[in-house]
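**Q** Okay, handing you the structure first.
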Amino acid sequence: MGPLLLLTSTLLSSYFHAGRTVNADRLFTIRDITLSIEPSTDVTRNTNVTLRCKAVVISFGQEALSREYTIYKDGNTVYTKTSSTSEDLLYPLSEARVSNTGKYKCKVNIEGKHMNSGAKKLTVTGLSKPVLRLNKGVVSEGEEITATCTAHGETGSIFFYFYDDSKEIQEKQVNSNRAEAKLRITSIGIHKIHCAYTVLVTPDSFKSEESSAVHVTVKELPITPVLEIFPQSKIYEGDQLDILCTVRNVLQHSEGNLYLSQGNQLLRSGDTKVNHSKVALAKDPGEFECRFEMGDVVKYVSKTVSVTELFSVPTFTMSPAEVFQKENMTLTCKSESFASERLGNQELTYTLEPPESPLTPKGPGVFHGKALQYDFNYTCVARARGIVKPSETLTVRPKVSVSIPKILVVGRAVLGQPLKILCQSDSGSLPINYTLLREYDQLNTTIVKKPFQQAFFAVTITKPDEITKYMCEAKNNHREAPLSKRLYATVIVPLTHPLISVVPDLSDISEGDHLYLLCSVVGTPPVTFKWYRVGDEQPLYTTTSNENNTAYQIPEVSKQDSGAYYCEAFNHANNVVISNQVNIQVRLALWKKLVIGGFCMLAVSVLVVVSVLCFISKRGKREAAAELSVKPSSPKSDDSLTVNLTHDTEVYKAATVRANRAAVSVWSERPPEAACLQRIVCLGAANDEESSVVSNEPDVEYTEVVHPQPLDPARVPLRKGTDTVYSELQNSPPGAADHHDYGSVEYAELNSEHPESNHYCPEVNGHQELPTPVD
């Protein structure tokens, strides 16, 4: 009860509006509406079908509501009923037909409220057999008969078809089950007439079976057309033809038309009689027809007339079959056959068209003259007794004699490789025979038949001058074939013997020199040269030259330019050749050598002077000490002092003279510090720490000093570069502490005065010889 009370409350509240209250007995709602087809949706013809429309309505009171039911078929209204009861609506389809097939649905409307049911499709199969009736069983040809075809019990849109035997002769569409047609059967004999129909139910159609056949006999009318042609036999071209067309046994007051035709050409027309005259021609169609039409009745008769040719169509020929410009030619025009019984030889004449033709007659149908330089159309016309027959048009196309051919090389001529030769003429009618000759000996022949075809020949030459032995000839007529000139073309000799050379000589390349790498080959220029340095993928330089050799310049070479070089070359023969490799070593520049040598000489000179001064100083002290040791207690006299000073002065002068002499190596007896200093200055082999080491060894120390060449060649032998002279100087005896310390102090002072000497040591390289010791 809960849902019902809620629904009732809702309905009541919806009807209270504008201060008024609606009668509660009229409250309702449509819950559902359904459509069903009984007994089934697929039935056969004559089945009684019922469409049931059921509406479920909920109302507040007991009073029945007025309901309006509507039945739709394919969207169109087919039935409407109003009911005051709640019973289902039943829509009967008695003895259902195919036309009842379709989609149905139901709609109910109660006081403005409505609802539709779902659609249901009804399919009815089966059609009744049609029945055909004719009003006559025997008729004359062209007479009209009435045929009635009935589809018993069928409804809807129906198409009816009428057949004569198996041929459809008429179609009619009606909205009933009966159709009537007026038929005319023109052919004589017995005919079988039947009918059929199709029921159209959109979008489908259903076709019935055929009706039983009804026989109709068609009798022939006595109407007869007559065709007469005069003369009746042996008709020749040019004869006069008289043709008469009439009709017989036509009923009075009958309407009809008479037609006379020849082939597809209508000659005359009339009611009952037609005549026509014309000249007989063999080329015209020989069939004439006389035709009578009355309604659907057609009667006709035809005859074929054979016309004998007075003379045949002339044939037109030319001799010779091919003619060249300005050559003599003859055109012949002749009819192969003529009626000699009707026509004499003199009656048949021939003319040439156009009249301005340059050819002149040389006899009946014979014309002679020279061929023009261009194409020309000729026509021959034969005439006799008013009959004119032109021949087919003859087009004379004078051929053009072939011009002197040209011979040339296609592409490049490479020695030892296949060579393509082209032989062609600027003018000449095709076909043209081209023949390649070698010293007048025929090698090969090519026939050019198409406009864009060319004559190519392939040969191989082994010597450059061999190419001039080739010629070619061209021929397109019976005349002598013109001969080309000899073949002249540049023969490319493949490259050989690649060689790379260097300027200046490999043994004389120094920094700052201009270096030239010369690459040369044997072969035909232009030649493309490439220079490479071993280890580099890209070439250093590329150039193309019209000479067989060229050079690559490296201006002001440096030590970094040392390495192995080679060149590569190729020409139009496309063969790449690679030269030998050259190894280039760049030496120091001369000015660098001179600077290094000058610094070394200066350093050596300074060391020699210092060494000599040290030696003199030590020697003087030792002599003075010796004198003191001999006379320790006796005071020095002025004489002895003077003698000693004089002696020291002479010794110093002598040492100075010896130091100024050139290129002498002195081995002095001095502490090891002095020897180390000399190595640092001349060889750069010791550092400052080594130069400060003091040795307690009293042994003899040897130091190498490099000087320029000695000035006195008698004392020092001449040598390449610098020589080394060795001399031994004795140190002070062991135990003489003062002398040892003095020598060390003297060395330290010398080292401090020339701290930069170790930066100018001469470089030892492959071009300097080791020093040779001299006693």
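**Q** Taking the stated definitions as given, is Val521 buried (at least 17 other Cβ atoms within 10 Å of the Cβ), out of contact with any Cys (no Cβ under 8 Å at 6 or more places or on another chain), part of a strand (DSSP E or B) and of a type in the set (A, V, I, L, M, F, W, C)?
**A** yes
**Q** State the number of residues belonging to the stretch 187-223 that are open to solvent by less than 70 Å² (accessible area, probe 1.4 Å) and more than 23 Å from Val138 (Cβ to Cβ).
**A** Residues that pass the stated criteria total 7.
**Q** Starting from the stretch 84-99, take each residue that is under 14 Å from Ile37 (Cβ atoms) and list its partners that are part of a loop (DSSP other than H, G, I, E, B) and of a type in the set (Val, Ile, Thr), counting only C-beta distances under 8 angstrom and pairs at least six apart or across chains.
**A** Going by the 8 Å Cβ cut-off, the qualifying pairs are Ala96/Thr47.
**Q** For the stretch 599-615, give me each residue that is among the aliphatic types (A, V, I, L, M) and open to solvent by 50 Å² or more (accessible area, probe 1.4 Å).
**A** Those that are among the aliphatic types (A, V, I, L, M) and open to solvent by 50 Å² or more (accessible area, probe 1.4 Å): Met601, Leu602, Val609, Leu613.
**Q** State whether the residues of the stretch 498-509 include one that is touching a residue at least 24 places away in the same chain (Cβ under 8 Å), surrounded by 19 or more Cβ atoms within 10 Å (Cβ to Cβ) and under 45 Å from the mean Cα position of the chain (by Cα).
**A** Within the stretch 498-509, one or more residues are touching a residue at least 24 places away in the same chain (Cβ under 8 Å), surrounded by 19 or more Cβ atoms within 10 Å (Cβ to Cβ) and under 45 Å from the mean Cα position of the chain (by Cα).
**Q** Next question, about the same structure. Evaluate the following for Ala564: is it open to solvent by less than 40 Å² (accessible area, probe 1.4 Å), assigned to a loop (DSSP other than H, G, I, E, B) and in contact with a strand residue (DSSP E or B) (Cβ under 9 Å, 6 or more places away or on another chain)?
**A** no
**Q** While we're on this one: Just for strands (runs of 3 or more DSSP E) wholly inside the stretch 121-221: which have at least 1 residues that are polar (S, T, N, Q)?
**A** 138-140, 144-150, 157-164, 167-174, 189-201, 204-207, 214-219
**Q** Looking at the stretch 396-426, which of its residues are open to solvent by 50 Å² or more (accessible area, probe 1.4 Å) and within 26 Å of Thr330 (Cβ to Cβ)?
**A** Arg397
**Q** Let me ask you something else. Scan (1) of a type outside the set (D, E, K, R); (2) open to solvent by 80 Å² or more (accessible area, probe 1.4 Å); (3) part of a strand (DSSP E or B) for the single condition Ala474 breaks and write down its number.
**A** If we test Ala474 against (1) of a type outside the set (D, E, K, R); (2) open to solvent by 80 Å² or more (accessible area, probe 1.4 Å); (3) part of a strand (DSSP E or B), just (2) comes out false.
**Q** Please verify whether the stretch 553-560 includes one or more residues that are modelled with pLDDT of 70 or more and surrounded by 15 or more Cβ atoms within 10 Å (Cβ to Cβ).
**A** yes
**Q** Are any residues in the stretch 357-373 assigned to a loop (DSSP other than H, G, I, E, B), open to solvent by 30 Å² or more (accessible area, probe 1.4 Å) and either of a type in the set (D, E, K, R) or free of Cβ contacts under 8 Å to residues at least 40 places away in the same chain (or both), and if so, which ones?
**A** Correct list: Pro358, Pro364.
**Q** Looking only at residues in the stretch 229-240 that are assigned to a strand (DSSP E or B) and touching a Ser or Thr at 6+ places or on another chain (Cβ under 8 Å), which one is surrounded by the fewest Cβ atoms within 10 Å (Cβ to Cβ)?
**A** Here the residue is Gln240.
**Q** Which members of the stretch 307-334 meet the condition of being open to solvent by 70 Å² or more (accessible area, probe 1.4 Å) and either over 23 Å from Pro231 (Cβ atoms) or touching a Gly at 6+ places or on another chain (Cβ under 6 Å) (or both)?
**A** Once the filter is applied, which keeps residues that are open to solvent by 70 Å² or more (accessible area, probe 1.4 Å) and either over 23 Å from Pro231 (Cβ atoms) or touching a Gly at 6+ places or on another chain (Cβ under 6 Å) (or both), the stretch 307-334 yields Val313, Thr317, Ala321, Glu322, Lys326, Asn328, Lys334.
**Q** Another question, if that's okay. Return the residues of the stretch 81-114 that are open to solvent by 20 Å² or more (accessible area, probe 1.4 Å) and either assigned to a helix (DSSP H, G or I) or within 30 Å of Ala151 (Cα to Cα) (or both); say none if nothing qualifies.
**A** Leu90, Tyr91, Pro92, Ser94, Glu95, Arg97, Asn100, Lys103, Lys105 - these are the residues of the stretch 81-114 that are open to solvent by 20 Å² or more (accessible area, probe 1.4 Å) and either assigned to a helix (DSSP H, G or I) or within 30 Å of Ala151 (Cα to Cα) (or both).
**Q** Given the conditions (1) at pLDDT below 90; (2) open to solvent by less than 90 Å² (accessible area, probe 1.4 Å), report the number of the one that Thr446 does not fulfil.
**A** Evaluating Thr446 over (1) at pLDDT below 90; (2) open to solvent by less than 90 Å² (accessible area, probe 1.4 Å) leaves (1) as the failure.
**Q** How about the stretch 380-393: which of its residues are in a strand (DSSP E or B) and out of contact with any Leu (no Cβ under 7 Å at 6 or more places or on another chain)?
**A** Val381, Arg383, Val388, Lys389, Pro390
**Q** Could you check the stretch 340-356 and list, in sequence order, the residues that are assigned to a loop (DSSP other than H, G, I, E, B) and either open to solvent by 40 Å² or more (accessible area, probe 1.4 Å) or in contact with a Ser or Thr (Cβ under 6 Å, 6 or more places away or on another chain) (or both)?
**A** Ser340, Glu341, Arg342, Pro355, Glu356
**Q** Within the stretch 52-68, is even one residue more than 16 Å from Lys113 (Cα to Cα), modelled with pLDDT of 90 or more and either open to solvent by 70 Å² or more (accessible area, probe 1.4 Å) or not hydrophobic (A, V, I, L, M, F, W, C) (or both)?
**A** Scanning the stretch 52-68, I find at least one residue that is more than 16 Å from Lys113 (Cα to Cα), modelled with pLDDT of 90 or more and either open to solvent by 70 Å² or more (accessible area, probe 1.4 Å) or not hydrophobic (A, V, I, L, M, F, W, C) (or both), so the answer is yes.
**Q** Let me ask something else. Among the numbered conditions (1) crowded, with 16+ Cβ neighbours inside 10 Å; (2) modelled with pLDDT of 90 or more, tell me where Leu540 comes up short.
**A** Among (1) crowded, with 16+ Cβ neighbours inside 10 Å; (2) modelled with pLDDT of 90 or more, the lone unmet condition for Leu540 is (1).
**Q** Restricting attention to the stretch 258-278, which residues are exposed (fewer than 14 other Cβ atoms within 10 Å of the Cβ) and more than 60 Å from the chain's Cα centre (by Cα)?
**A** Passing the criteria: Leu266, Ser269, Asp271, Lys273, Ser277, Lys278.
**Q** Another one. Look through the stretch 366-410, keep the residues that are at pLDDT 90 or above and touching a Lys or Arg at 6+ places or on another chain (Cβ under 6 Å), and return whichever of them is nearest to Leu487 (Cα to Cα).
**A** Only one residue fits best here, namely Val410.
**Q** Identify the residue in the stretch 394-419 that is touching a Cys at 6+ places or on another chain (Cβ under 9 Å) and in a strand (DSSP E or B) and, among all such residues, is farthest from Lys283 (Cα to Cα).
**A** Leu408
Per-residue answers, yes or no, for (1) open to solvent by 20 Å² or more (accessible area, probe 1.4 Å); (2) over 24 Å from Arg45 (Cα atoms); (3) among the β-branched types (Val, Ile, Thr):
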| site | (1), (2), (3) |
| --- | --- |
| Leu127 | yes, no, no |
| Pro130 | no, no, no |
| Lys136 | yes, yes, no |
| Cys149 | no, no, no |
| Ile158 | no, no, yes |
| Tyr161 | yes, no, no |
| Ser166 | yes, yes, no |
| Glu171 | yes, yes, no |
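**Q** Specify the residue that is modelled with the lowest pLDDT; the eligible residues are those in the stretch 302-343 that are among the aromatic types (Phe, Trp, Tyr) and within 20 Å of Gly386 (Cβ to Cβ).
**A** Filtering the stretch 302-343 for residues that are among the aromatic types (Phe, Trp, Tyr) and within 20 Å of Gly386 (Cβ to Cβ), the one modelled with the lowest pLDDT comes out as Phe338.
**Q** Is it the case that Ile243 is crowded, with 18+ Cβ neighbours inside 10 Å, within 30 Å of Ala384 (Cα to Cα) and of a type in the set (Val, Ile, Thr)?
**A** Yes.
**Q** Would you confirm, using the coordinates I've provided, whether Val381 is open to solvent by less than 40 Å² (accessible area, probe 1.4 Å) and closer than 30 Å to Ile447 by Cβ?
**A** no
The values are calculated or read from the model by the stated rules, or taken from the named source; none is laboratory data. This is a predicted model, so every value here is computed, not measured. In this analysis, Cβ positions are derived from the backbone assuming ideal geometry, glycine residues included, and neighbour counts consider all displayed protein chains. Side chains included, ligands, DNA and RNA excluded: accessible areas come from the protein's heavy atoms. Shrake-Rupley method; radii C 1.70, N 1.55, O 1.52, S 1.80 Å.
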